[in-house]
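S.K.: This is the structure, below, for whatever I ask next.
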Amino acid sequence: MRDFFIRSMEQIINALVVLGAIAVVMTAIMVMGSPQGGLVRGIAVLIFGAIYLVLMAGMVYLGLGIYNNTRRTAEATEEIARR
């Protein structure tokens, strides 16, 4: 049951990252088209939004990776102990 929730969380995170990428692109396009914005501000939103998204998603994926590595290490240790 625990694995179901972990896999579900990974799928939700994947969907949120895709939605975040779409939001960054849409926001950059809207800023480029607004009278107060402009091309430079739109590109800045695109660059900084992408950096923010990569950093936040990377931290979440890092946490999931630590969980998976810990699980595999525990399974390997149990296998060694059985021998």
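S.K.: At 1.4 Å probe size, with every protein chain present, just tell me what the per residue accessible area of the chain comes to in Å².
M.R.: Result: 79 Å² of accessible area for each residue.
S.K.: Please give the charge dipole size of the range 1-82, origin at the Cα centre, charges +1 on K and R Cβ atoms and -1 on D and E Cβ atoms. Round to the nearest 20 debye. Provide the component values of the computation, followed by the final result.
M.R.: Values: 6 positive and 5 negative charges, 30 e Å.
My answer is approximately 140 debye.
S.K.: Also, I was wondering about something else. Taking Cα atoms, how many degrees apart are the long axis of helix 2-33 and the longest axis of the chain, rounded to 10 and kept between 0 and 90?
M.R.: With both axes taken from Cα atoms, the answer is about 10 degrees.
S.K.: What does the helix-only formula give at 222 nm for the chain: each DSSP H stretch with n ≥ 4 adding -39500 (n - 2.57), the total divided by the residues, and the result rounded to the nearest 500 deg cm²/dmol?
M.R.: -33500 deg cm²/dmol
S.K.: Do you know the relative contact order of the range 1-82, to the nearest whole percent, from alpha carbon pairs under 8 angstrom that are 6+ apart?
M.R.: On the way: 34 pairs, mean separation 18.9, N = 82.
Across the range 1-82, relative contact order equals 23 percent.
S.K.: Normalized C-alpha radius of gyration of the range 1-82, against 2.2 N^0.38 Å?
M.R.: Relative to the 2.2 N^0.38 Å estimate, the range 1-82 comes out at 1.64.
S.K.: Compute the helix-to-body angle for 39-82: its Cα long axis versus the longest principal axis of the chain, expressed 0 to 90° and rounded to tens.
M.R.: Its long axis makes an angle of about 0 degrees.
The values are calculated or read from the model by the stated rules, or taken from the named source; none is laboratory data. If you're wondering where the values come from, they're calculated on a predicted model, not measured in any experiment. Neighbour counts run over all protein chains shown; Cβ positions are idealised from the backbone, glycine included. Ligands, DNA and RNA are stripped out before the accessible areas are found, and what is left, the full protein with its side chains, is counted by its heavy atoms. Shrake-Rupley method; radii C 1.70, N 1.55, O 1.52, S 1.80 Å.
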